[in-house]
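FYI, it's all coordinate maths here, none of it is from the lab. All of these numbers come straight from a predicted model, not from anything done at the bench. Backbone-built Cβ (ideal geometry, glycine too); neighbour counts: all protein chains shown.
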Ligand code: KG4
Ligand code: ZN
C-alpha cells in the first residue's frame, strides 16, 4: 500500500510517499527555519504563510506522477495555522481523488520514523520522543497498545537546547548550535543539575537547567568562546544523562526488547552514541533503534509510516486539526 504522508505541524512543509509503512519512495521537506533564525524563534503567522506557498509544490514533488492508495496527514499537536495548511490540503485531495484519509498524531509519527527502512523491531518497546515541543516516554506493547509513561513537566528537551542556545548567543535553533560548540568543550567543566534523574516516575523537568546556565552566564560576564564551549558540552551532557537514565529504567521495569529514540533532538550525535554505548554496557538483548538524522526532525515519511501501522481512516468531513492533541 502506497501512502502519501503530509506534515505541517511546525515550521516544516513536508510530503512523502511510503510503501507498506517501511519503504520510502520519495521524501520532500522544506522549512522556513532561516526566516525564524533572524528572530531567534518561530513566529507562527510567518510559518503558516510560508507553508501555504510551499504545500502544493512539495506534494507535487513527492508524488512524481505516482498514484497513491491513501492520504495521511498530521492533525496535531502543533501550531494551529500550520496544521490547518496540511489538514485542509489533505482533505481537498481526499475529496477530489476519492482516496481514504488517515489522521495521524505527530508524536506517534516520530516514533514510527523507526520503522522506515524495514527494521525488525521486537515488542515490548520503550520509545523516547525528544523534540522541540515534547519529551515523552511511551511503552508499546504492540502496534495497537501504546501507554504514555511520563513526560516533561515544563520545558521539552529541544526547548531547553533552544532557550540555552539563546542565553549563549548561539544561532537558532539551539540544539544543533550547542552540539557544534560542545565539540570543543569539556562536558565536566560545569556541573549542571540533572533534574529528576532519580525520581521514581517517568517525568522530566528541564527548566531548572536553563536557570543554572543563566546564573553561570551572569557570573562569567564576558563569555569567551572556551567558556561557551564548556557550558555547551556540560549542558548537553546533563540532558543526555537524564534522558538515558530514565529511559533505561523504563526499559528495565517493562522488560523492553527494543528502545526507540526519535524526534529532532535524536539527531544529536552524542546522544545517539551515548545511548548505543549505555545499552551495549548492559550486556542484555535489548536492541537500540534511532532513525537516520533527516528522519528525526519533522518529515512526511514518518506520518505515512504511522498511518500504515495505525490505519484508521475517517471521512474527510470529520478530520480536524487539533493543536492540543496528546496520547
Ligand atoms: O522534532 P522536531 O524537528 O520538531 C518538533 O516536533 O518540535 O524538533 C526540533 C527540535 C529543536 O528544539 C532543535 O533544537 C532540536 O530539535 N534539535 C537538536 C538537534 N537537531 C535538532 N537538538 C540537539 N541536537 C541536535 N543535533
Ligand atoms: Zn516533531
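Summary table
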{"item": "Helix axis angle, 44-63 relative to the chain longest principal axis, alpha carbon, degrees", "result": "50"}
{"item": "Global geometry of region 94-172, whether rounded, prolate or oblate, following the gyration tensor of its Cα atoms and the 1.5 cut on a/c", "result": "oblate"}
{"item": "P(r) histogram, all alpha-carbon pairs of region 6-119 included - 10 Å bins from 0, percent", "result": "14, 46, 32, 7, 0"}
{"item": "Span from the region 149-201 Cα centroid across to the region 208-278 one, whole angstrom", "result": "6"}
{"item": "GNM top mover of 273, 186, 298 - the chain, alpha-carbon springs below 10 Å", "result": "273"}
{"item": "Share antiparallel - DSSP beta bridges, the chain, percent rounded to 5", "result": "60"}
{"item": "Stretch gain in nm, segment residue 224-residue 119, where the contour uses 0.36 nm per residue and the Cα spacing is subtracted", "result": "33.3 nm"}
{"item": "Relative contact order computed over region 102-183 (Cα-Cα under 8 Å; 6+ residues apart), in percent", "result": "18"}
{"item": "Value of relative contact order over the chain, rounded to a whole percent, pairs C-alpha under 8 Å and six or more apart", "result": "27"}
{"item": "Rotationally averaged projected area of region 207-273 (alpha carbon convex hull; nm²)", "result": "5.6"}
{"item": "Efficiency of FRET between residue 64 and residue 285 - r from beta-carbon atoms, R0 56 angstrom, step 0.05", "result": "0.85"}
{"item": "GNM top mover of 144, 92, 226 - the chain, alpha-carbon springs below 10 Å", "result": "144"}
{"item": "Dimensionless Rg ratio for the chain, taking C-alpha atoms and the 2.2 N^0.38 Å reference", "result": "0.99"}
{"item": "Inverse mean reciprocal Cα-Cα distance (Kirkwood Rh) of region 191-327, Å", "result": "17.9"}
{"item": "For the chain, calculated [θ]222 nm from helices alone, where every DSSP H run of n ≥ 4 adds -39500 (n - 2.57)", "result": "-13500 deg cm²/dmol"}
{"item": "Most mobile of 238, 14, 307 in a GNM of the chain (Cα contacts under 10 Å)", "result": "238"}
{"item": "Region 4-48 and region 54-70: distance between their alpha carbon centers, rounded to Å", "result": "14"}
